[in-house]
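Below: one structure, written as structure tokens.
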Amino acid sequence: MELSVLDIKGKDTGRKAVLSDNVFGIEPNDHVIYLDVKQYMADQRQGTAKSKERSEIAGSTRKLGRQKGGGGARHGDIKSPVLRGGGRVFGPKPRDYSFKLNKKVKRLARRSALSYKVQENALLVVEDFTFEEPKTKLFVELLNNLNVADKKVLVVVPQSDVNIYLSSRNLPKANVAVAADLNTYGILDSAVLVMTEKAVESVEAVLNK
């Protein structure tokens, strides 16, 4: 599978990027995509929700009224869950939402997500680039040249580049990811995936294992 390589002006360089069919051309597996996205979303949860139970409420343990003959319900102390200010029954407790997912499953999910982008013609390959200084204007020009400024874009670079990251930070629809850290959620959450030539090589090296 081949895609034309564009320069940062949006022009065709005349070169072709050869994409591995094992990474960008497989039959997508929706179930493993679901599992990988589910794990990613679970990892984002803090799990710190907490409410006080009856034993944790500060209050008297004196029985409020006699057991029988009061003409109403029987009550214990003022910390009872049926009274205002009492403890909560089966309330949330701090917990860890994360769960294990095999590496092969995660790699298959990423390959499936990338294959979807190729099928949707939502993958662009650009020549390797960098910015001499962090400037949002330069990043906006890049997106305009590629005709993706009005879409949610994920730009994948081969390694961490501070100037590129800082240039994109103020743009609500633009994100930058390092090839080795590319995840299924990030791929699917973007309308267009823009990858540099070396980023393609890095992604293939990780996912072809």
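Which residue, chosen from Tyr116, Ala73, Leu143, occupies the Cα position most advanced towards the positive end of the dipole of the chain, where the dipole is computed from +1 (Lys, Arg) and -1 (Asp, Glu) charges on Cβ about the Cα centre?
So the residue we want is Ala73.
Taking R0 as 25 Å, what's the FRET efficiency between Lys151 and Thr13 from their Cβ-Cβ distance, rounded to 0.05? Walk me through the intermediate numbers first.
Values: r = 22 Å, r/R0 = 0.89.
After rounding to 0.05, the efficiency reads 0.65.
So if we plug the beta-carbon distance of Glu27 and Asp128 into 1/(1 + (r/R0)^6) with R0 = 25 Å, what FRET efficiency do we get, rounded to 0.05?
Numbers: r = 31 Å, r/R0 = 1.22.
Plugging the Cβ-Cβ distance into 1/(1 + (r/R0)^6) gives 0.25.
How about the range 116-147: which GluC sites (Glu not before Pro) there lie in a loop by DSSP and see at most 13 other Cβ atoms within 10 Å?
Numbers: sites: Glu120, Glu127, Glu132, Glu141; in loops: Glu120, Glu127, Glu132.
Those that pass, being in a loop and sparsely packed, are Glu120, Glu132.
Show that you can apply the helix-only estimate: for the chain, add -39,500 (n - 2.57) for every DSSP H stretch of four or more residues, divide by all residues, and state [θ] at 222 nm to the nearest 500. Mind showing how you got there, number by number?
Numbers: 7 runs with 70 residues, N = 209.
It lands at -10000 deg cm²/dmol.
If the reach is capped at under 20 angstrom between alpha carbons, list the aspartates and glutamates near Lys63, excluding any in the same chain fewer than eight residues apart.
Hits, sequence-local ones excluded: Glu53, Asp77.
Hey, quick one: spin label on Arg84, modelled 7 Å out along Cα-Cβ, who in the range 34-63 has an amide N within reach, i.e. under 18 Å?
Residues 58-60 qualify, since their backbone N sits under 18 Å from the label point.
Can you give the FRET efficiency to the nearest 0.05 for Leu101 and Arg62, using r as the Cβ-Cβ distance and R₀ = 35 Å? Intermediate results must be reported in sequence, preceding the final value.
Working: r = 52 Å, r/R0 = 1.49.
It comes to 0.10.
So what does Tyr34 come to for accessible area, using a 1.4 Å probe and Å² rounded to 10?
Its accessible surface works out to 120 Å², give or take rounding.
Top to bottom by accessible area (1.4 Å), largest first, where do Phe129, Phe24, Phe90 land? Before the final figure, lay out each step's value.
Numbers: Phe129 30, Phe24 0, Phe90 190 Å².
Heavy-atom accessible area, descending, gives Phe90, Phe129, Phe24.
Pairs Lys11/Lys198; Lys52/Lys106; Lys50/Lys79; Lys38/Lys152; Lys151/Lys209: which exceed 28 Å Cα-Cα? All intermediate terms of the calculation are to be shown ahead of the outcome.
Working: Lys11/Lys198 18 Å; Lys52/Lys106 38 Å; Lys50/Lys79 17 Å; Lys38/Lys152 21 Å; Lys151/Lys209 32 Å.
Distance filter (> 28 Å) returns Lys52/Lys106; Lys151/Lys209.
Just to be sure I follow: if Rg is taken over the C-alpha atoms of the range 44-143 and Rh is the Kirkwood radius over the same atoms, what is Rg/Rh?
Details: Rg = 29.3 Å, Rh = 20.7 Å.
Reported Rg/Rh, Kirkwood definition of Rh: 1.42.
The values are calculated or read from the model by the stated rules, or taken from the named source; none is laboratory data. Being a predicted model, the structure only gives us computed values, none of them experimental. Backbone-built Cβ (ideal geometry, glycine too); neighbour counts: all protein chains shown. Quick note on the areas: whole protein, heavy atoms, side chains included, nothing else; ligands and nucleic acids left out. Shrake-Rupley method; radii C 1.70, N 1.55, O 1.52, S 1.80 Å.
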